[in-house]
Each structure stands twice: as C-alpha cells, then as structure tokens.
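Asker: The structure under discussion is supplied below as structure tokens; questions concerning it will follow.
The values are calculated or read from the model by the stated rules, or taken from the named source; none is laboratory data. All values reported here derive from a predicted model rather than from experimental measurement. As a convention, Cβ positions derive from the backbone with ideal geometry for all residues, glycine included, and neighbour counts pool all protein chains shown. Surface areas here come from the heavy atoms of the whole protein model, side chains and all, with no ligands, DNA or RNA. Shrake-Rupley method; radii C 1.70, N 1.55, O 1.52, S 1.80 Å.
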Amino acid sequence: MANEIDQNQEIAALKHENRSLLVEMKELKATLNAELEVKEKTIEKLKQKLEERDGTISFYRGVYEAMEREASGLKQKLEDVSQWKQKAGLLSTVKHISETMQIKELQSEVSELKNKLEIKGNEISEE
C-alpha cells in the first residue's frame with residue numbers, strides 16, 4: 001500500500017510538473033510570439049524605408065538622366081553656335097576680301113577712265 005501511495009504521489013507530482021511545464025511553455029510561446037510580432041513589424045518598417053529609398057533613387061535617377069540629356073543638348077547648341085560664329089567670321093573675311101578686290105577694280109577702272117579722259121582732253125586741246 002505504501003508503494004501505491006508513493007506511486008500516486010509521484011503521479012500527482014508528475015501531473016503537477018506537467019501542468020507547470022505546460023504553463024511555462026504557453027508563457028514562452030506567448031513571449032516568442034510577441035517578440036516575433038515586434039520583429040515582423042520592424043522588418044515591415046525596414047521594407048517601407050527601402051521602398052521609399054528605391055523610389056527616391058528612381059526619382060533622382062530620372063532627374064539626373066533628364067539633366068544629362070539637357071546638358072548634351074546645350075553642348076550641341078554651343079557647338080552649333082561656335083560653328084556658326086566661325087562660319088560668320090569666315091564669311092566676313094571673304095566679304096572683306098571681295099570688297100577690297102572690288103575697290104581695287106573700281107580704282108583701276110577710275111584710273112583708266114582718267115587716263116582716257118586726259119587723252120581725250122589732250123586730243124581736244126590739240127585740235
């Protein structure tokens with residue numbers, strides 16, 4: 001009988017220990033679930049920040065590409081203006097040379113006409 005009482009007490013002790021362990025397990029599970037929830041929220045916040053930064057990076061990449069295109073366009077316009085100025089300078093030089101040549105031709109014609117006039121004047125005075 002003492003053996004049976006010892007066994008009953010041991011069973012009762014084991015049942016008590018089992019209940020205590022179950023309670024402890026539930027508490028640990030609840031703690032781990034709470035910690036998991038906190039970590040999941042943290043991960044979600046970090047994902048949001050990453051998406052925001054990705055959006056910001058995409059925005060500034062677009063701005064950079066637009067500025068690059070604009071700079072390229074301005075560079076081309078500058079080259080065009082520079083070429084235009086160079087051509088205008090050459091045209092001005094050619095025009096000046098042409099005018100100088102025309103002036104010399106006109107001076108030559110005037111000189112010829114003066115000579116002819118002088119010759120005519122001499123012929124008239126000799127008559």
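Asker: Given the DSSP H assignment, sum -39500 (n - 2.57) over each helix run of at least 4 residues in the chain and divide by its residue total; what's the result at 222 nm in deg cm²/dmol, nearest 500?
Answerer: Computed mean residue ellipticity for the chain: -38000 deg cm²/dmol.
Asker: Could you give the distance between the Cα centres of the stretch 90-127 and the stretch 38-67, to the whole Å?
Answerer: Comparing the Cα centres of the stretch 90-127 and the stretch 38-67, I get a distance of 82 Å.
Asker: Between GLU40, GLU68, GLU17, where does the largest GNM mean-square fluctuation fall for the chain, given springs only between Cα atoms within less than 10 Å?
Answerer: GLU17
Asker: A follow-up question, please. Filter the chymotrypsin sites (Phe, Trp or Tyr not before Pro) in the stretch 1-86 to those in DSSP coil with at most 15 other Cβ atoms within 10 Å of their Cβ, and list the result.
Answerer: none
Asker: Also: Give me the one-decimal Kirkwood hydrodynamic radius in Å for the chain, with the sum taken over alpha-carbon pairs.
Answerer: Evaluated over the chain, this radius sits at 26.6 Å.
Asker: Another question about this same structure. Just to confirm the number: angle between the C-alpha axis of helix 2-126 and the first principal axis of the chain, 0 to 90 degrees, nearest 10?
Answerer: Long axis of 2-126 versus the principal axis of the chain: about 0 degrees.
Asker: Determine the per residue accessible area of the stretch 10-127 with all protein chains present and a 1.4 angstrom probe, expressed in square angstrom.
Answerer: Accessible area per residue, the stretch 10-127: 97 Å².
Asker: Determine how large the accessible area of ARG69 is when every protein chain is in place; take a 1.4 Å probe and give Å² rounded to the nearest 10.
Answerer: 150
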